[in-house]
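The values are calculated or read from the model by the stated rules, or taken from the named source; none is laboratory data. What you see is a predicted model; the values in this text were computed from it and never measured. Positions of Cβ are generated from backbone atoms using ideal geometry, with glycine treated the same way; all protein chains shown enter the neighbour counts. Side chains are part of the model used for accessible areas, which takes the heavy atoms of the whole protein and leaves out ligands, DNA and RNA. Shrake-Rupley method; radii C 1.70, N 1.55, O 1.52, S 1.80 Å.
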Amino acid sequence: MSQPSFISPDLIRQRFSKAMSDMYREEVPLYGALMELVEQTNRHVLDNDPQVAQQLNSTGEIERLDLERHGAIRVGTAAELATLARLFAVMGMQPVGYYDLTPAGVPVHSTAFRAVHEASLQVSPFRVFTSLLRLELIEDLELRAFAQSVLDQRSIFTAAALTLIERAESQGGLSEKEADEFVDQALETFRWHHSATVTAEQYQKLSAQHRLIADVVAFKGPHINHLTPRTLDIDIVQAQMPVHGITPKAVIEGPPRRQFPILLRQTSFKALDEPVAFTDQSDTRGSHSARFGEIEQRGAALTPKGRALYDRLLNAARDELKDFPNEANAARYNDLMAQHFSEFPDTYEGMRQQELAFFRYFVTEKGLAAAELKTMTLEDLVSGGYLRVEPLVYEDFLPVSAAGIFQSNLGDAAQTHYGVHSNQQAFEKALGRSTIDELQLYAQTQQRSIEQCLAALGH
Ligand code: OOG
Ligand code: NI
């Protein structure tokens, strides 16, 4: 029997990401407006900033830029999370990182499903920030039991999606035709539903406990709540949003503006009020707000040392602000961030020398032409111009930023204080596997690139 030919998981992910974007553009017209603004901004930056254009060209990132986006979903049970992990695995996406959102008063913990190898990321960097509701944080036991029973009754995957997941697992992949069907079926899990699964009164009770609990429990599935394009200049987009009738949140999350971007900067517009029908209503006279718009700018991935410095400076600025950033203190927050972050070197070479960021190494023309380089160290090769470096792009999320994004959509009233904290073990038990440490992935990519360069130079 001939070997069946399977389509690569990377291509399934690429197709799925496109299908998701098409679906969301139809569901949320403002998403289309935001995409246009981001495209215009990116074109403007590429035309006017030769350094950025050159960097994106030389790393190949230019090819993924227009495809690049992340989505976010929230699920209610361990079984849902575990099956999602299997669904994402069909598309080559693994759970990377653990994010605890309870310090921000949001009763979830999360991971990001994404591709893990640089070659796969190049085909499609699509990621999904996935949160699991922590029902144990609902203090009202009756309400907790009610939420659990509603969640236990729903099935968020189509029968065909489940069959195709099993087939992919047992065959070791999917054929072209199966992959197309898988994309169609998987998409159904993330679709918006105008009809809720609870009565208006039940919804109110869940929502009064926490708006996020209502969002997870009262609907048929984990509707995608935003899909975020990557911009090359988030400050331009932030300033342009109001011109396009879109109101951004008060501050951009993440590091301040810099010459050489690091990690991740994000901003969003507030969730829309959307009509829904509760089970005791015949029409969509109710309303629910969950879906919002977000944009982000990605910069260099930081080493553990760089990340510790980032966390220290961010905390120092926030401590000095003495409050969550908001409309009233936004200008002061931006000043404090700029002051504190002046300590973080703002050149790639400075970050590399101090081992604050991860890099990818490339052999230069000069390196290829040179004969005897065997005795040179990596540093000699870089300073001699035989190798050049580009930063590795940060592929993950930031817990403080994620908290800010959650909060701007839930309203400040939603800042609950939870006594419990992170519980990665419980999360991984629900997930059915451990999460991958993102720092190791960057270290491996950097190491592979060094080894490839040294091999190419005959070391
Ligand atoms: C996720 C919020 C976090 C990000 O990019 O950090 C987030 C959610 O609201 O479900 O999207
Ligand atoms: Ni997001």
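Things to note:
- One residue stands out in region 396-413 among those that are outside any loop (DSSP other than H, G, I, E, B) and either more than 12 Å from ligand 1 (Cβ to nearest atom) or not assigned by TED's automatic domain parsing to the domain that holds Lys270 (or both): the one that is modelled with the highest pLDDT, namely Asp412.
- Out of Thr83, Thr111, Thr130, sole residue that is of a type in the set (Ser, Thr, Tyr), in contact with a strand residue (DSSP E or B) (Cβ under 7 Å, 6 or more places away or on another chain), under 23 Å from Leu11 (Cβ atoms) and at pLDDT 95 or above: Thr130
- Of the helices (runs of 4 or more DSSP H) that lie entirely inside region 184-252, those containing 1 or more residues that are within 21 Å of Glu274 (Cα to Cα) and under 23 Å from the mean Cα position of the chain (by Cα) span 211-217.
- Of everything listed in (1) of a type outside the set (D, E, K, R); (2) within 16 Å of ligand 1 (Cβ to nearest atom); (3) closer than 15 Å to Gly254 by Cβ, the single unmet condition for Gly306 is (2).
- Residue match in region 210-230 (condition: crowded, with 17+ Cβ neighbours inside 10 Å, within 24 Å of Ala104 (Cβ to Cβ) and among the hydroxyl-bearing types (Ser, Thr, Tyr)): yes
- Residues (open to solvent by 80 Å² or more (accessible area, probe 1.4 Å) and in contact (Cβ under 8 Å) with a residue 12 or more places away in the chain) located in region 172-190: Glu176, Glu181, Asp184
- Of all the numbered requirements in (1) closer than 18 Å to Arg312 by Cα; (2) modelled with pLDDT under 95; (3) among the hydrophobic types (A, V, I, L, M, F, W, C), Ala328 misses one, and that requirement is (1).
- Which numbered condition Ser383 misses (of (1) more than 16 Å from ligand 2 (Cβ to nearest atom); (2) within 22 Å of the chain's Cα centre (by Cα)): (2)
- Any chance Ala308 is out of contact with any Leu (no Cβ under 7 Å at 6 or more places or on another chain) and at pLDDT below 95: no
- Listed by position, the helices (runs of 4 or more DSSP H) enclosed by region 54-131 that each have at least 1 residues that are of a type in the set (S, T, N, Q) are 78-90, 118-123.
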